[in-house]
Amino acid sequence: MEKLCTDPRTRGVSTGTTILAAIFDGGVVIGSDSRASIGGEYVSSKTINKVIQVHDRIFCCMAGSLADAQAVIKAAKFHLSFHSVQMESPPLVIAAASVLKDLCYKNKEELQAGFLTAGWDKKNGPQVYVVSLGGMLISQQVTIGGSGSTFIYGYVDAKYKPNMTKEECLQFATNALALAMGRDNVSGGVAHLVVITEKGVEHVVVPGDKLPRFHDE
């Protein structure tokens, strides 16, 4: 894997964020809020889409330095495109997560970026992987990340259930993002959600004024 170069002038911009991925019966939901921040205090953008498609049925969410994450994703897309041509078939989800892991690990001294990778493939069905800041790779049924995640660990532990329906999982993800956005000062905007199944990909955007409201808001 190549060494990545990022513009040091943009390293202050981070995806102060809430990201989430959860497996349901037959598919997976991955989503995030839409804010980017500088220094964890100043919101530099309210319209960042942090749910990025890296292949047909594979998406990832980014957290950490925005410039670093975008550089890693750009390189990962190239590797996966080349891999699919070589193999004459779509890459596995674990292959995409492994490419991100290798890029993060080999550049761990220069990069500050972590990823949630989610997708569906014919071999293993729906999957979710966490790629940490230093390049560690973990498989999970449900996972959250970013600055807003600290506010919703209890909700996720209490409400997530294996083998939920698509509708139940979408509502779970929307509620979790709304709760985090209500507490975290650098999470907010709209909720970007993507549903990935054998049948294809469905994009869902929930505007800020349509997000669920809770008693403390």
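The values are calculated or read from the model by the stated rules, or taken from the named source; none is laboratory data. This structure is a prediction, so every number in the text was calculated from the model and none was measured. No Cβ is skipped: glycine too gets one built from the backbone with ideal geometry, and neighbour counts run over all protein chains shown. Accessible surface areas use protein heavy atoms only, side chains included; no ligands, DNA or RNA. Shrake-Rupley method; radii C 1.70, N 1.55, O 1.52, S 1.80 Å.
List of remarks:
- For beta carbons closer than 6 Å, sequence separation of 6+ or different chains, a first residue in region 118-134 that is in a loop (DSSP other than H, G, I, E, B) and a second that is open to solvent by less than 30 Å² (accessible area, probe 1.4 Å) and at pLDDT below 95, the qualifying pairs are S132/G114; L133/G114.
- Subset of region 152-205 [part of a helix (DSSP H, G or I), open to solvent by 40 Å² or more (accessible area, probe 1.4 Å) and closer than 13 Å to I23 by Cβ]: K166, E168
- In region 99-139, residue nearest to the chain's Cα centre (by Cα) [restricted to those that are among the polar types (S, T, N, Q), open to solvent by less than 70 Å² (accessible area, probe 1.4 Å) and closer than 30 Å to N163 by Cβ]: T117
- Test result for C5, open to solvent by 50 Å² or more (accessible area, probe 1.4 Å), under 20 Å from L133 (Cα atoms) and either assigned to a strand (DSSP E or B) or modelled with pLDDT under 95 (or both): yes
- Hey, F214 open to solvent by less than 30 Å² (accessible area, probe 1.4 Å), closer than 25 Å to T47 by Cβ and either in a loop (DSSP other than H, G, I, E, B) or aromatic (F, W, Y) (or both) or not: no
- Picking from residues in region 141-151 that are within 17 Å of S32 (Cβ to Cβ) and in contact (Cβ under 8 Å) with a residue 40 or more places away in the chain, the one that is surrounded by the fewest Cβ atoms within 10 Å (Cβ to Cβ) is S149.
- Taken together, the residues in region 49-75 that are open to solvent by 20 Å² or more (accessible area, probe 1.4 Å), in contact with a Phe, Trp or Tyr (Cβ under 8 Å, 6 or more places away or on another chain) and closer than 15 Å to V131 by Cβ amount to 1.
- Condition broken by L92, with the remaining ones in (1) open to solvent by 30 Å² or more (accessible area, probe 1.4 Å); (2) touching a residue at least 24 places away in the same chain (Cβ under 8 Å); (3) within 27 Å of P207 (Cα to Cα) satisfied: (3)
- Positions within region 54-88 being touching a Pro at 6+ places or on another chain (Cβ under 8 Å) and either under 16 Å from S32 (Cα atoms) or acidic (D, E) (or both), in sequence order: D56, I58
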